[in-house]
Amino acid sequence: MTHPKSSPVEPGRMLSADFAPLLTSFDLDVLDAHDSTIYGIHNDLTIGYANSAWMRFAMENAGAESLCDPENVLGSNILDQISGPLRSYYRELFCGVLRMKKTANTGYECSSPTIMRYYHMEVLTLPTADADPRGLLIINSRKLDPVGHSEPRAAVTRAQPRDYINDHGYIVNCSNCRRFQRADQPHTWEWVPAYLNAPPADVSHGLCSICLDYYFPASR
C-alpha cells in the first residue's frame, strides 16, 4: 500500500497520523530534540516522520529547503531524496531489514564542500514485536573523528573529554548502540570512534533514551 501525502498530526511536528501509532513506545519530545537526524518510513518506504534535526539539516543545505515542508515530505518516498547508484543500495538495505525483521548498522560520508561529515546509521524495525514490521526508524548520528585530514576540507569536530565527563566524574556509554552521552546535554548521545577504539578511564554504562524506549518500552 502506498501512503498518500498527509499533513502532520499536530503543528510544528512532522509526523503523519498513520505513522504515529508506530512510535507509541518512544518519547516524541526526545526524538524531536535529538541532535541525530531521525526519520521514520512505512514499509512501502514512504516517509511518516522526521525530527527537528532533519529540518535543521535541510535548512543548512542549499536546495533542500523543500524538505522542511511537511506537505512535501510526509507521504513521499525516501528514495526520491537519494540520487544515483545509492538509490538501489538504500532500497536493498531498507527492504532487507523489513524482510529479515532485524536491525542494521552502516556508515557513510555526507560532506559539504568545506566540512567532512561522517555518519553512523542505525535502522530499527517498527514495531518491536515478532509481527511483520510496519515501518522503520532510521537514526543518523554524526561521527566525531579525532583524526585530522590533509584535504582542504575541515576535519569533523574532535572529541573533548570535558564534553562527556559528568558531575560524577564518569563518561557514560550506551551499552546497546555504544554512543556516548554529552555531559552538558544529557539527551544527546554521540558516536565517538576514538573512545570505542581506546576507551577512556572511568567509563560507566547505561542506555540512551532511544535504546531504552525501543528495547525496553515497558520501563517507561
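The values are calculated or read from the model by the stated rules, or taken from the named source; none is laboratory data. From a predicted model like this one, the values you see are computed outputs, not experimental measurements. Positions of Cβ are generated from backbone atoms using ideal geometry, with glycine treated the same way; all protein chains shown enter the neighbour counts.
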Using beta carbons and a limit of 8 Å, which pairs, at least six apart or on different chains, have the first residue in region 195-214 and in the same structural domain as Asn173 (by TED's automatic domain parsing) and of a type outside the set (A, V, I, L, M, F, W, C) and the second one in a helix (DSSP H, G or I) and surrounded by fewer than 20 Cβ atoms within 10 Å (Cβ to Cβ)?
Pro200/Pro161; Ser209/Val30; Asp213/Val30
Residue list for region 1-33, filter: surrounded by fewer than 22 Cβ atoms within 10 Å (Cβ to Cβ), small (Gly, Ala, Ser) and modelled with pLDDT of 85 or more
Ala17, Ala20, Ser25, Ala33
Scan region 34-53 and tell me whether some residue there is modelled with pLDDT under 85 and of a type in the set (D, E, K, R).
no
Is it the case, given these coordinates, that Gly107 is surrounded by fewer than 16 Cβ atoms within 10 Å (Cβ to Cβ) and within 18 Å of the chain's Cα centre (by Cα)?
yes
Using the structure shown, decide if Glu92 is modelled with pLDDT of 85 or more, closer than 25 Å to Tyr215 by Cα and in contact with a Cys (Cβ under 7 Å, 6 or more places away or on another chain).
no
Of all the residues that make up region 60-89, how many are part of a loop (DSSP other than H, G, I, E, B) and either at pLDDT 90 or above or surrounded by 16 or more Cβ atoms within 10 Å (Cβ to Cβ) (or both)?
3
Does region 177-205 hold any residues that are farther than 20 Å from Tyr118 by Cα and surrounded by 17 or more Cβ atoms within 10 Å (Cβ to Cβ), and which are they?
Ala183
Is it the case that some residue within region 133-141 is under 18 Å from the mean Cα position of the chain (by Cα) and either modelled with pLDDT under 90 or among the hydroxyl-bearing types (Ser, Thr, Tyr) (or both)?
yes
Every residue in region 166-220 that is more than 18 Å from the chain's Cα centre (by Cα) and in a helix (DSSP H, G or I), please.
Ala194, Tyr195, Leu196, Asn197, Pro217, Ala218, Ser219
